[in-house]
Amino acid sequence: MTVPVAVVMGSQSDWDTMKEACDALSQFAVGWKAQVVSAHRTPERLFEFSRNAADEGYRIIIAGAGGAAHLPGMIASMTPLPVLGVPVQSRALSGLDSLLSIVQMPKGVAVGTLAIGTAGAYNAGLLAAQMLGSHDDALRQRIAEWKAARADEVLANADLGQG
Ligand code: RP5
């Protein structure tokens, strides 16, 4: 079955983080497929995935990796699809290494970089849904209603007391 969003990551150990992106997509009934594609350990799989992603029907790629996080940028070099990069929080440097590896792309090869860790992964899914919603009225409406509900929650608890 063709789904619009590919969620790829450098290791099985990234799944705890990257499943947040999938949760966000599912929340808005946007289809996804998740798989491990390692830039360093499975380079041939990386090339095959990146070169075929558009023909397979994907519209957006979310790529998460940690440490020397070359996956999003390498994918972006080989596909015309938009790539959203998620810096996974690394053990050694808490994800700063991942962030800098992903965000500092050379001019002409674009990766939309999100925040480090689970917030970034969730927001990557949310942003992908919003991008698809820009030309899908029903999806855009679901997102608008969700945002309004989030605002209502904050407003319902906005008064914290008075001395
Ligand atoms: C990267 O190295 C992966 O994206 C992962 O975040 C990190 C560590 O991988 P494992 O050693 O846990 O497989 O390629």
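Quick note: the coordinates plus some simple rules give every number you see, no bench work behind them. All figures in this text were calculated on a predicted structure; none of them were measured in a lab. Here the Cβ is made from the backbone with ideal geometry for all residues, glycine too, and neighbour counts use every protein chain on show.
Taking amide hydrogens as placed 1.01 Å from N in the peptide plane, the amide H of residue 66 sits under 5 Å from those of 10, 88, each at least 5 positions away in sequence or on another chain. The residue list 86, 151, 42 was ranked by how far each Cα lies along the charge dipole of segment 5-156 toward its positive end, using unit charges on Cβ atoms, and 42 comes out on top. Segment 1-56 and segment 71-108 have Cα centres spaced 14 Å apart. Based on DSSP H assignment, which helices of the chain show an axial Cα extent of at least 15 Å together with a mean Kyte-Doolittle hydropathy greater than or equal to -1.0? Counting only whole DSSP H runs, the qualifying helices are 15-27, 118-133, 137-156. Estimated from helices alone, the mean residue ellipticity of the chain at 222 nm is -14000 deg cm²/dmol (sum of -39500 (n - 2.57) over DSSP H runs with n ≥ 4, per residue).
Exposure proxy shown here: for 14, 55, the number of other Cβ atoms within 10 Å sets the order, fewest to most, as 55, 14.
About its Cα centre, the dipole of the chain is roughly 360 debye, where the only charges are +1 on Lys and Arg Cβ and -1 on Asp and Glu Cβ. A run of the chain free of exposed loop cleavage sites, with trypsin sites (Lys or Arg not before Pro) counted only in DSSP states other than H, G, I, E and B and at most 11 other beta carbons within 10 Å, reaches its longest extent at 108-163. State the answer as a single residue: which of 110, 27, 123 lies farthest towards the positive end of the charge dipole of segment 5-156, with beta carbon charges of +1 for Lys and Arg and -1 for Asp and Glu, about the Cα centre. Most positive-ward Cα: 110. Here r is the Cβ-Cβ distance between residue 136 and residue 13 and R0 is 30 Å; the resulting FRET efficiency, rounded to 0.05, is 0.35.
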